[in-house]
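The values are calculated or read from the model by the stated rules, or taken from the named source; none is laboratory data. These numbers come from a predicted model, not from an experiment. FYI the Cβ positions are ideal-geometry reconstructions off the backbone, even for glycines, and counts take in every protein chain you see.
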Amino acid sequence: MRLLVAAVALAGVVWAQAPAPVPPVVSPEVHADGRVTFRLRAPKAAEVTVRGEWMTQAEKLTKGDAGVWSVTVGPVPADIYSYTFSVDGMTVLDAVNNRIKSSSRGAGVSVVEIPGGRLHEVRGVPHGSVQAHWYQSPQIGATRRVMVYTPPGYERDKERYPVLYLLHGNGDTEGEWSAFGRANFILDNLIAEGRVKPMLVVMPYGHTVPPNDLSTGSRGRNTQLMEEDVTKNIVPLIDKRYRVAPGARNRAIAGLSMGGGQSINIGLHNLDLFSWVAVFSAGVGGGGGAADRQAFEQRMSAVLADRDGTNKKLKLLWIACGKDDRAMAGAEQLAELLQKNGIRHTLLKTEGAHTWRVWRSYLAQLTPLLFR
């Protein structure tokens, strides 16, 4: 051994000490009092900010050891939120957080959950299942996917269940109502409390034209094709594959934002299929202006003219929108149009804006009203 050490020394070999390991970054770190610490390793950055959907403006992070930027915010009210970092003006995800909300338009956003006894949280109750089905849509010319929630006990009993068709918004996919909206856990908890009649929830993909298609008429084409897909493909698929209770009185359709516009168009235009229609953060007019309202009135002329027949077929027409939501004008115009024509409906104005925090709440408020 002495000869080996001497040989190494004579050869001029220097044994370098291994560099100290870089400590892992933890982000987001949710504290017991509801505060949240965000961290991002970006040693060459000049400025880093974080923007969460609950914030009115971005928060600046402070650079610390090993190029790790950090900031603690809050306390933040219990819920599930999306957020992103901005590094020298470029929006990035949280590199060490594997919880991501997807997007129909490309890269998604990072997700943080603040626990606090909310209805969407996982509880020790019986749970249902969420399954994916692939099907062919000749109208769209594509193979598409639909997600289906079945309530606890579905696999063991022989009961037939009513069905809620639940549509997503423009920036989302068919997986968002379960992955981020937590529709399955909301239903599990409401069923366990005896507040909701057990039901199936069908969550289809709402984009029938490319999500980034902003050409003239693309929104109208999207809604028209979605109606064909729902009525000619999805409803028959569900009726065939699942034990569903028959008739329009056992079908509801609801959606948020883009899906809300689709729901009112599909639901009112197909009262032989749907007796329960709900709209979250959407309406007529609004961003589409007078032309949008006129097109809706023309399309629904027979439904609006037949007040008694429409009211007899409709069990519920429910519109909900946040007071700070950009869709409020459209929701109010829809309610005014229905009021003018004597169509029974409910307009619920709540606190909140165009966010999933509001839409989860709407789902929890709507489902106890259905199929009664």
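If I ask for residues that are surrounded by fewer than 20 Cβ atoms within 10 Å (Cβ to Cβ) and touching a His at 6+ places or on another chain (Cβ under 9 Å), which ones from the range 70-85 would you list? If the condition is that a residue be surrounded by fewer than 20 Cβ atoms within 10 Å (Cβ to Cβ) and touching a His at 6+ places or on another chain (Cβ under 9 Å), then 72, 74, 75 are the ones that fit. The helices (runs of 4 or more DSSP H) located wholly in the range 263-328 that include 2 or more residues which are without any contact (Cβ under 8 Å) to a residue 12 or more places away in the chain and charged (D, E, K, R) occupy 307-313.
If you go through the range 128-137 one residue at a time, do you hit one that is aliphatic (A, V, I, L, M) and assigned to a loop (DSSP other than H, G, I, E, B)? Looking through the range 128-137, none of the residues is aliphatic (A, V, I, L, M) and assigned to a loop (DSSP other than H, G, I, E, B).
Which residue out of 76, 50, 68 is touching a Gly at 6+ places or on another chain (Cβ under 9 Å) and among the aliphatic types (A, V, I, L, M)?
Numbers: 50 fails: touching a Gly at 6+ places or on another chain (Cβ under 9 Å); 68 fails: touching a Gly at 6+ places or on another chain (Cβ under 9 Å).
That would be 76, the only listed residue that is touching a Gly at 6+ places or on another chain (Cβ under 9 Å) and among the aliphatic types (A, V, I, L, M).
Number of residues in the range 289-344 that are of a type in the set (Gly, Ala, Ser) and in contact with a Lys or Arg (Cβ under 6 Å, 6 or more places away or on another chain): the value is 1.
None of 32, 42, 66, 95 is farther than 24 Å from residue 203 by Cβ and surrounded by 15 or more Cβ atoms within 10 Å (Cβ to Cβ) except 42. Within the set of pairs 6 or more residues apart or between chains, which connect a residue that is without any contact (Cβ under 8 Å) to a residue 60 or more places away in the chain inside the range 53-64 to a residue that is surrounded by fewer than 12 Cβ atoms within 10 Å (Cβ to Cβ) and in a loop (DSSP other than H, G, I, E, B) with Cβ atoms less than 9 Å apart? Matching pairs, first to second residue: 63/43.
Looking only at the range 30-41, count every residue that is over 15 Å from residue 97 (Cβ atoms) and over 26 Å from the mean Cα position of the chain (by Cα) and tell me the total.
2
Restricting the first member to the range 214-241 and to residues that are in contact (Cβ under 8 Å) with a residue 40 or more places away in the chain, and the second to residues that are surrounded by fewer than 15 Cβ atoms within 10 Å (Cβ to Cβ) and in a helix (DSSP H, G or I), the beta-carbon pairs closer than 8 Å and six or more apart or on different chains are 220/295.
Each residue in the range 29-69 was checked for being of a type outside the set (D, E, K, R) and assigned to a loop (DSSP other than H, G, I, E, B), and 14 pass. Filtering the range 236-268 to residues that are hydroxyl-bearing (Ser, Thr, Tyr) and closer than 14 Å to residue 366 by Cβ leaves only 263. Pick from the range 50-62 the residues that are at pLDDT 95 or above and surrounded by fewer than 18 Cβ atoms within 10 Å (Cβ to Cβ): which of them is nearest to residue 73 (Cα to Cα)? Among those residues, the one meeting the criterion is 59. If you go through the range 335-345 one residue at a time, do you hit one that is among the small types (Gly, Ala, Ser), over 27 Å from residue 198 (Cβ atoms) and in the same structural domain as residue 171 (by TED's automatic domain parsing)? Yes, some residue in the range 335-345 is among the small types (Gly, Ala, Ser), over 27 Å from residue 198 (Cβ atoms) and in the same structural domain as residue 171 (by TED's automatic domain parsing).
Figure legend. Inter-residue proximity from the range 112-129: first residues more than 17 Å from residue 52 (Cβ to Cβ), second residues among the hydroxyl-bearing types (Ser, Thr, Tyr), beta-carbon distance below 9 Å, spacing 6+ or different chains. Indicated pairs: 119/361; 128/149; 128/150; 128/154; 129/149; 129/150; 129/154. When 283, 330, 352 are checked against the criterion of being under 23 Å from the mean Cα position of the chain (by Cα), surrounded by 16 or more Cβ atoms within 10 Å (Cβ to Cβ) and more than 15 Å from residue 255 (Cβ to Cβ), a single residue qualifies: 352. Does residue 169 meet the test of being of a type in the set (Gly, Ala, Ser) and surrounded by fewer than 20 Cβ atoms within 10 Å (Cβ to Cβ)? So residue 169 does not fit the description; no. Within the set 295, 254, the sole residue that is among the small types (Gly, Ala, Ser), in the same structural domain as residue 160 (by TED's automatic domain parsing) and modelled with pLDDT under 95 turns out to be 295.
Those helices (runs of 4 or more DSSP H) of the range 166-253 in which at least 1 residues are touching a Phe, Trp or Tyr at 6+ places or on another chain (Cβ under 8 Å) and not acidic (Asp, Glu), considering only elements entirely within it, cover 176-179, 183-192, 235-241. Per the listing 153, 124, the residue uniquely outside the structural domain of residue 257 (by TED's automatic domain parsing) and either more than 22 Å from the chain's Cα centre (by Cα) or not in a strand (DSSP E or B) (or both) is 124. The set of residues in the range 355-372 being surrounded by 17 or more Cβ atoms within 10 Å (Cβ to Cβ), touching a residue at least 40 places away in the same chain (Cβ under 8 Å) and out of contact with any helix residue (DSSP H, G or I) (no Cβ under 7 Å at 6 or more places or on another chain) consists of 355, 356, 357, 358, 359, 362, 366, 370. Among the residues here, residue 356 qualifies as aromatic (Phe, Trp, Tyr), in contact with an Asp or Glu (Cβ under 9 Å, 6 or more places away or on another chain) and within 30 Å of residue 111 (Cβ to Cβ).
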